[in-house]
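S.K.: Can you read through this structure? Questions will come right after.
The values are calculated or read from the model by the stated rules, or taken from the named source; none is laboratory data. Computed from a predicted model, the values in this text were never measured in an experiment. Every residue, glycine among them, receives a Cβ derived from its backbone with ideal geometry; neighbour counts consider all protein chains shown.
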Amino acid sequence: MINTILIANRGEIACRVIRTARQLGIKTIAVYSEADQNALHVDMASDAICIGPASAADSYLNIGAIMNAIDESGADAVHPGYGFLSENAEFAERLDATGIIFIGPKVNAIRVMGDKIKSKLFAEKAGVSIVPGHTEAVTTVEEAKEIAKKIGYPVILKASAGGGGKGMRMVKQESQIEEGLRASTAEAVKSFGDDRIFIEKFIINPRHIEIQILADSHGNCVYLGERECSIQRRHQKVIEEAPSVFVDEVMRADMGEQAVALATAVGYQSAGTVEFIVDENKHFYFLEMNTRLQVEHPVTELVTGLDLVEQMIKVASGETLAFSQADIKIDGWAIEARVYAEDPTRGFLPATGRLIEYREPVSNVFGTSKHVRIDGGVNEGDEITRFYDPMISKLVTSGDTREEAIIHMQRSLEEYYIRGVGNNLGFLSAVMAHPRFSTGELTTNFIAEEFGERFVPEETAHKDFGMLISVAAMMHRREVERSNKITGSEIAGGVLKREKYQFGDNWIAILNNESHPIRIAVSESSTVEVHTDGRNYVIESEWRPGRSLFYGLINSEEVCMRMERTGKGFLMRHAGYQGEIRIISSLAAELLNRMPKRKLADTSKQLLSPMPGLLVSLDVSVGDEVMIGDALAVVEAMKMENQLFSEREGVIAKIYFEPGDSLEVGQIILELK
């Protein structure tokens with residue numbers, strides 16, 4: 001058995017590997033950049049070694065620095081996690097040459113499957129269904145246009161060495177080819193050091209379904225069922241689940257057998273994933289093979305009962321799989337949501353900042369702890385920087401049925417509390433509450449079709465706005481009661497009798513600019529009854545002023561929601577909806593309606609940076625005339641390029657930054673006149 005594992009990674013996956021290594025009694029060595037010296041994975045490991053500056057290219061992607069760390073630590077094995085060097089054949093080869101065990105597949109499998117062009121040709125020879133397309137790299141715009149025309153639009157441009165959605169662009173028409181090829185190539189070079197791009201047919205209304213395989217060095221290979229990964233944005237997965245509502249037993253066996261055939265043909269050893277694109281008629285086509293542990297591996301672990309990191313370590317140690325295909329059973333359902341530092345209201349752009357408050361779901365408030373798993377990699381107070389992937393954690397829930405797993409996910413998302421950094425918790429809640437998600441009618445277009453280019457929490461439908469109003473009213477009442485106890489006064493115009501359900505306190509709730517009359521009654525206990533919108537809401541809760549999460553029973557139903565006290569009211573977040581609720585007197589409501597509406601500042605003549613990042617290029621100069629839709633600049637963040645376009649006609653009057661400059665959110669890049 002392996003004695004010491006150096007983990008050539010960071011964040012939640014490094015922490016994940018450390019947890020299993022501890023259970024196996026294996027010593028772990030963390031590596032870290034200067035930006036990560038106080039990171040959670042550094043604290044958790046047996047020892048830690050600094051490998052360079054914050055930039056990934058100078059640290060986590062620096063093979064020389066990691067090889068030096070291996071020598072210094074005396075590690076006899078390396079787990080690469082995912083991303084960074086996990087699918088780098090040169091790194092695996094260097095380890096093999098020095099006698100260090102690579103906890104992953106052999107070099108040849110990484111080389112063949114890591115190249116999307118070679119892997120597609122290899123898969124076809126192995127009898128695996130492939131997507132129609134051109135299997136050679138394109139070199140010019142003219143060639144790309146000719147190939148796309150033959151395949152038929154829409155097409156997708158893909159980086160041959162790609163992964164994680166980087167270096168990919170969907171193109172609907174010929175006029176988009178040039179910009180799509182430029183952006184794909186630029187991202188491919190930055191992310192993988194490989195500029196090769198190829199073209200495939202874009203499958204309309206597809207599902208993204210993948211098969212987890214596990215193979216040892218003795219010729220044994222099994223598949224562990226499928227994962228549904230169709231909830232994506234910009235080709236990056238957001239929510240995954242196992243199994244898939246779309247896959248039946250026959251389809252699962254067909255996909256699994258093709259995945260095993262491919263793994264066997266390439267001599268695969270370790271855990272790996274074969275990804276398929278699936279059309280509406282259940283025809284599936286090979287997409288790629290990931291020769292590493294997937295981000296979404298926990299859902300497979302929860303429905304199979306296997307620890308994939310443990311299996312990888314055992315296979316790397318030369319052990320034989322202790323089970324056969326007949327032993328693999330799918331039991332229950334699991335869903336994973338990726339919690340990102342990003343701003344869904346600004347087109348899901350990456351967010352940076354400090355985790356001022358960070359509280360993972362309590363998960364046992366309503367007795368659901370056994371159904372909730374969090375693979376995290378941050379501490380409260382950590383800084384989320386622009387240097388690395390913006391994922392904060394993975395929230396995973398399970399149940400006997402899909403419906404049960406969804407309920408646990410909805411509750412856990414409401415319990416999750418992050419302050420200081422923009423995040424997607426509200427968006428994830430909205431997805432979970434969406435009727436189409438509940439019925440399993442998923443495609444990779446789900447987010448674009450249901451939420452558009454950005455998420456607007458204030459416009460998100462909620463099944464019971466009266467319930468939100470009732471909670472705000474209860475909070476308002478308790479704040480007033482606390483104030484009265486301090487001052488010794490009574491509630492003006494109200495009653496303070498403690499006889500059960502004595503109604504009083506006629507107030508007005510302002511929600512979405514609409515007035516809702518409310519009445520509040522209190523009892524001797526912690527029960528409050530609120531009447532609004534023609535309904536009564538009986539609230540049992542220990543909530544007190546100053547708390548940022550509400551827990552309680554509303555009409556005997558368990559409810560958790562986030563709230564923040566604002567200068568005017570309560571900012572409520574529940575099931576994806578977010579809005580301010582103000583509780584005021586009838587007179588104040590009447591006066592409020594007479595107030596003039598505030599006009600927003602006109603920024604239409606300014607190009608503002610939508611995210612913190614690097615100004616890669618400018619497409620215009622001072623004096624240039626631009627039309628609506630003209631390209632103005634490219635900003636890079638988290639290795640992803642974002643093209644910025646003009647939203648009005650005008651002439652470039654002033655440019656404030658040059659390519660290579662760093663930008664903060666909201667900084668003016670240029671102005672028009």
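S.K.: Would you check if there is a residue in the range 620-628 being assigned to a loop (DSSP other than H, G, I, E, B), closer than 15 Å to GLY347 by Cα, in contact with a strand residue (DSSP E or B) (Cβ under 7 Å, 6 or more places away or on another chain) and not aromatic (Phe, Trp, Tyr)?
M.R.: There is no residue in the range 620-628 that is assigned to a loop (DSSP other than H, G, I, E, B), closer than 15 Å to GLY347 by Cα, in contact with a strand residue (DSSP E or B) (Cβ under 7 Å, 6 or more places away or on another chain) and not aromatic (Phe, Trp, Tyr).
S.K.: Any chance you could count how many residues in the range 615-673 are of a type in the set (D, E, K, R) and under 21 Å from ARG169 (Cβ atoms)?
M.R.: So the answer is 5.
S.K.: Further, regarding this structure: If you go through the range 629-638 one residue at a time, do you hit one that is modelled with pLDDT under 85, surrounded by 11 or more Cβ atoms within 10 Å (Cβ to Cβ) and of a type in the set (D, E, K, R)?
M.R.: The answer is yes; a qualifying residue exists.
S.K.: Report the residue count in the range 147-179 for those that are within 17 Å of LYS120 (Cα to Cα), among the hydroxyl-bearing types (Ser, Thr, Tyr) and either in the same structural domain as ARG292 (by TED's automatic domain parsing) or modelled with pLDDT of 90 or more (or both).
M.R.: Qualifying residue count, the range 147-179: 0.
S.K.: Then there is this: Could you list, in sequence order, all residues of the range 258-292 that are among the polar types (S, T, N, Q) and at pLDDT 95 or above?
M.R.: GLN258, THR264, GLN269, SER270, THR273, ASN290, THR291, listed by residue number.
S.K.: Restricting attention to the range 187-227, report how many residues are surrounded by fewer than 22 Cβ atoms within 10 Å (Cβ to Cβ), under 22 Å from LEU442 (Cα atoms) and among the polar types (S, T, N, Q).
M.R.: Qualifying residue count for the region: 1.
S.K.: Exactly one of (1) within 18 Å of VAL238 (Cβ to Cβ); (2) in a loop (DSSP other than H, G, I, E, B); (3) of a type outside the set (Gly, Ala, Ser) is unmet by LYS463. Its number?
M.R.: Going through the list (1) within 18 Å of VAL238 (Cβ to Cβ); (2) in a loop (DSSP other than H, G, I, E, B); (3) of a type outside the set (Gly, Ala, Ser), LYS463 breaks only (1).
S.K.: Taking only pairs six or more apart or across chains, which ones have beta-carbon atoms under 6 Å, a first residue in the range 87-113 that is under 20 Å from GLN311 (Cβ atoms) and in contact (Cβ under 8 Å) with a residue 24 or more places away in the chain, and a second residue that is part of a loop (DSSP other than H, G, I, E, B) and acidic (Asp, Glu)?
M.R.: Between residues of the range 87-113 that are under 20 Å from GLN311 (Cβ atoms) and in contact (Cβ under 8 Å) with a residue 24 or more places away in the chain and residues that are part of a loop (DSSP other than H, G, I, E, B) and acidic (Asp, Glu), the close pairs are ILE110/GLU87.
S.K.: Residue check: is GLY377 touching an Asp or Glu at 6+ places or on another chain (Cβ under 8 Å) and either among the acidic types (Asp, Glu) or modelled with pLDDT of 95 or more (or both)?
M.R.: Taking the combined requirement at face value, the residue does not satisfy it.
S.K.: Name the residues in the range 261-296 that are buried (at least 21 other Cβ atoms within 10 Å of the Cβ) and outside any strand (DSSP E or B), would you?
M.R.: If the condition is that a residue be buried (at least 21 other Cβ atoms within 10 Å of the Cβ) and outside any strand (DSSP E or B), then LEU262, ALA263, VAL266, TYR268, GLN269, THR291, ARG292, LEU293, GLN294, VAL295, GLU296 are the ones that fit.
S.K.: Considering only the range 629-668, state which residues are at negative phi, in a loop (DSSP other than H, G, I, E, B) and either of a type in the set (D, E, K, R) or in the same structural domain as TYR388 (by TED's automatic domain parsing) (or both).
M.R.: Those that are at negative phi, in a loop (DSSP other than H, G, I, E, B) and either of a type in the set (D, E, K, R) or in the same structural domain as TYR388 (by TED's automatic domain parsing) (or both): ASP630, GLU647, ARG648, GLU649, GLU658, ASP661, GLU664.
S.K.: Just to be sure before I move on: is ILE13 closer than 21 Å to GLN311 by Cα and in contact with a Phe, Trp or Tyr (Cβ under 9 Å, 6 or more places away or on another chain) in the structure I sent?
M.R.: Against the criterion (closer than 21 Å to GLN311 by Cα and in contact with a Phe, Trp or Tyr (Cβ under 9 Å, 6 or more places away or on another chain)), ILE13 qualifies.
S.K.: Let me confirm something: among SER429, SER470, which residue is farther than 30 Å from GLY52 by Cβ, polar (S, T, N, Q) and over 14 Å from the mean Cα position of the chain (by Cα)?
M.R.: The match here is SER470.
S.K.: If I go through the range 573-592 residue by residue, how many of them are in a strand (DSSP E or B) and either assigned by TED's automatic domain parsing to the domain that holds ALA430 or of a type in the set (A, V, I, L, M) (or both)?
M.R.: Summing the residues that are in a strand (DSSP E or B) and either assigned by TED's automatic domain parsing to the domain that holds ALA430 or of a type in the set (A, V, I, L, M) (or both) in the range 573-592 gives 3.
S.K.: Can you tell me how many residues within the range 41-72 are in a loop (DSSP other than H, G, I, E, B) and either of a type in the set (A, V, I, L, M, F, W, C) or surrounded by fewer than 18 Cβ atoms within 10 Å (Cβ to Cβ) (or both)?
M.R.: 6
S.K.: Turning to a different aspect of this structure: Is it fair to say VAL396 is part of a helix (DSSP H, G or I) and at pLDDT 95 or above?
M.R.: For VAL396, the condition - part of a helix (DSSP H, G or I) and at pLDDT 95 or above - is not met.
S.K.: Which of the residues that make up the range 428-449 are in a loop (DSSP other than H, G, I, E, B), on the phi < 0 side of the Ramachandran plot and of a type outside the set (Val, Ile, Thr)?
M.R.: HIS434, GLU441, LEU442, ASN445 - these are the residues of the range 428-449 that are in a loop (DSSP other than H, G, I, E, B), on the phi < 0 side of the Ramachandran plot and of a type outside the set (Val, Ile, Thr).
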